[in-house]
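Read through the structure below, which is laid out as structure tokens, and then see the notes.
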Amino acid sequence: GDGTGLEAHADLVVSVPHGQRISLHLAVGRVEVTNVEGDIMVDVSAADVEVSGTRGPLSLDTGSGRVTVRDVTGDVNVDAGSGGISFSGIKGNILELDTGSGGVDGADVDVREFKLSVGSGGIRVSRVKAPRIEVESGSGSADIGVLGDVESVRVESGSGGVTLRVPQTFSAEIEAETGSGGFQTDFELVTRRLGRNHTQGRIGDGKARVRLESGSGTIRLLKS
């Protein structure tokens, strides 16, 4: 950008045969992965990453930059240092997302296990179909919408409200704990323990296990 020296850049297009393993490393720029079937690993220092229409294991590791994942079939692991994450249309055994800072928004997930950890940033995820769900936010609210039956759900926020939206036919053993803030629910709850900051009870036959925790903020268990 200064002086009389040469400034240059290049766009690189890589075509990948079906069923192969590819490892892509980039310092700065932008990465787009589209319609690839295989084992994919992307590692960038400072770059936005966008993935769509892939089949097979997907691993994304970013230092900084926004990550977007759409219409992916296969296990997905995203580890972002800083930058928001958005996703939709994920099908596989496990979806695991971790970001140090940045908001997360997503929809239409069908997996066996869904794990999400955010150091700082809000979380809003809808239409999640997964027997096991774990969501954690250091600071920022968390709003999770669930489809179908679950085995276990844990949603925690160090600072920020927690909202869990579930079907009207939902049944579970519930434990809700908040440092400052109340507990609200649309469901008829058979209480076993009712305190200022800690509630335990059962909805329906208590089939699932649900734990909701907020350091500061209201906890809501709502009908979707």
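Numerical summary
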{"quantity": "When segment 111-214 is reduced to its Cα atoms, the Kirkwood hydrodynamic radius in Å", "calculated": "13.7"}
{"quantity": "Relative contact order (%) - segment 1-156, alpha-carbon pairs under 8 angstrom, separation at least six", "calculated": "12"}
{"quantity": "Heavy-atom accessible area per residue - segment 67-194, 1.4 Å, Å²", "calculated": "41"}
{"quantity": "Shape box of segment 1-125 [Cα atoms, principal axes, largest first, Å]", "calculated": "56, 38, 17"}
{"quantity": "Student exercise, the chain dipole from Lys, Arg, Asp, Glu Cβ charges, in Debye to nearest 20", "calculated": "1020"}
{"quantity": "Exposure rank, largest accessible area first [Phe183, Phe114; 1.4 Å]", "calculated": "Phe183, Phe114"}
{"quantity": "Förster radius 45 Å - calculated FRET efficiency between Ser216 and Asp149 (Cβ-Cβ, nearest 0.05)", "calculated": "0.90"}
{"quantity": "Contour minus Cα-Cα distance for Ser52 and Ser23 (0.36 nm per residue)", "calculated": "8.8 nm"}
{"quantity": "Within straight-line cross-link reach of Lys223, lysines at Cα separation under 23 Å, skipping those fewer than 8 residues along the same chain", "calculated": "Lys115, Lys129, Lys207"}
{"quantity": "Pairwise FRET efficiency - Asn197 versus Val13, Cβ, R0 = 45 Å, nearest 0.05", "calculated": "0.20"}
{"quantity": "Portion, in percent, of the accessible area of the chain that falls on carbon or sulfur, probe 1.4 Å", "calculated": "44"}
{"quantity": "Filtered trypsin sites (Lys or Arg not before Pro), segment 147-224: DSSP coil and at most 13 other beta carbons within 10 Å", "calculated": "Arg196"}
{"quantity": "Selected from Thr54, Thr169, Asn93, residue furthest toward positive end of dipole (the chain; charges at beta carbon)", "calculated": "Thr169"}
{"quantity": "Accessible surface of His18 - all protein chains present, 1.4 Å probe, nearest 10 Å²", "calculated": "140"}
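The values are calculated or read from the model by the stated rules, or taken from the named source; none is laboratory data. Keep in mind that this is a model prediction, so the values were computed, not measured. Quick reminder, even Gly has a Cβ in these numbers, built from the backbone with ideal geometry, and neighbours come from all protein chains shown. Side chains included, ligands, DNA and RNA excluded: accessible areas come from the protein's heavy atoms. Shrake-Rupley method; radii C 1.70, N 1.55, O 1.52, S 1.80 Å.
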